[in-house]
Amino acid sequence: MSSAAATEQATLPPLPAPPKSRIHYRRRARIASVFKHAGLILLSIVMIYPLIWLVVSSLKPNDQIFRDLSIFTTDLTLDNYVQGWTTQGLPFSHFLLNSAILSVGAILGNLISCSLAAYAFARLRFRGRNLFFAIMLGTIMLPFHVVLVPQFVIFRELGWLETFLPLIVPKFLATDAFFVFLMVQFIRGLPKEIFEAARIDGAGHPRIFAQVTLPLMVPALATTAIFTFIWTWGDFFGPLIYLRTRENFPVSIALKGFVDAQSSSDYGAMFAMSVVSLIPLFLAFLIGQKYLVKGIATTGIK
């Protein structure tokens, strides 16, 4: 049997060689992939170079920051962090706490008000719904500077200047139309059968919103929370208008105190505290990255 099998194997025709066009295609695809990844790596280095330079400069002596712009240096020190933490007359943790209060208040306001408004636009039937929704979307294109003076006058008459209220209370009124639109599209993408089954079980709109809609909106809610935190933490214009007392300054305004046009500026301390202020943003993005991508890339359960 072995000799017969060997004879039969010897008589089988050889396997055909793959076409040259396929070999060339695979080779070209590999070369293109190498160049693509090399280009992406180079572009990433160019994009993160300012951040790397910021971190390295925060560790340099103040008189060498702009004398040597290289990121390769051995003369590193932590004096900028020690000096920057206390040079504002208050510990820098005080400004971090102010920014945290503003961010938490803005996040709670947007999550509560925008989710309620989105559910109303997506699931409730009322007269003028489409008109109000169109007006709400139109406010996205309205520049902030148009309503700046009227808002300032209102908050001044209410006695809210020098407080966090002008920066937090509007968030509880669903003023961020982008997040309302995001949640509306997410809710509309959810299966209607879920809401119909809840209605058959006797659930009203408050119960459907709390027990059915909110658990399914976790990606959209997480996206709203992350973006609100990033925008509020880095907001400079709003606190600059309503806050004048150093005790109320958030991080964005406190960093401006390191630069003085009439006297010497402490760039080393400013860079050091800038690195410290960026840490919460990186943590928020790393923790919520999964929900951030899912909330933007999807519009509901498929």
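Below, the figures for the structure above:
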read-out: Max mean-square fluctuation residue, GNM over the chain, Cα-Cα springs under 10 Å, options ILE107, ILE187, ILE200; value: ILE200
read-out: Helix-derived mean residue ellipticity, 222 nm - over the chain, DSSP H n ≥ 4, -39500 (n - 2.57), to 500; value: -21000 deg cm²/dmol
read-out: Extension gain from ILE135 to ASP79, taking 0.36 nm per residue of separation minus the Cα-Cα distance; value: 14.9 nm
read-out: Sequence-separation-based contact order of the chain, relative, with Cα cut under 8 Å and 6+ spacing, percent; value: 28
read-out: FRET E, pair GLN185, VAL104, Förster distance 25 Å, beta-carbon r, rounded to 0.05; value: 0.45
read-out: Additional length obtainable on full extension of the chain from ILE71 to ARG125, 0.36 nm per residue less Cα span; value: 13.5 nm
read-out: Fluctuation leader among SER44, SER33, SER99 - the chain, Gaussian network, Cα springs under 10 angstrom; value: SER33
read-out: Residue list for segment 77-118, given a label point 7 angstrom along the Cα-to-Cβ vector of LEU281 and an amide N cut-off under 15 Å; value: 96, 99-100, 103
read-out: Gyration tensor (alpha-carbon) shape descriptor, the chain, a/c threshold 1.5; value: oblate
read-out: Cα-based shape type of segment 22-130, given that a ≥ b ≥ c are square roots of the gyration tensor eigenvalues and the cut on a/c is 1.5; value: oblate
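Bear in mind that the values in this text are calculations on the coordinates, not laboratory data. Just so it is clear, the structure is predicted and the values come from calculations on it, not from any experiment. Methodologically, a virtual Cβ is constructed for each residue, glycine included, from the backbone with ideal geometry; neighbour enumeration extends over all protein chains shown.
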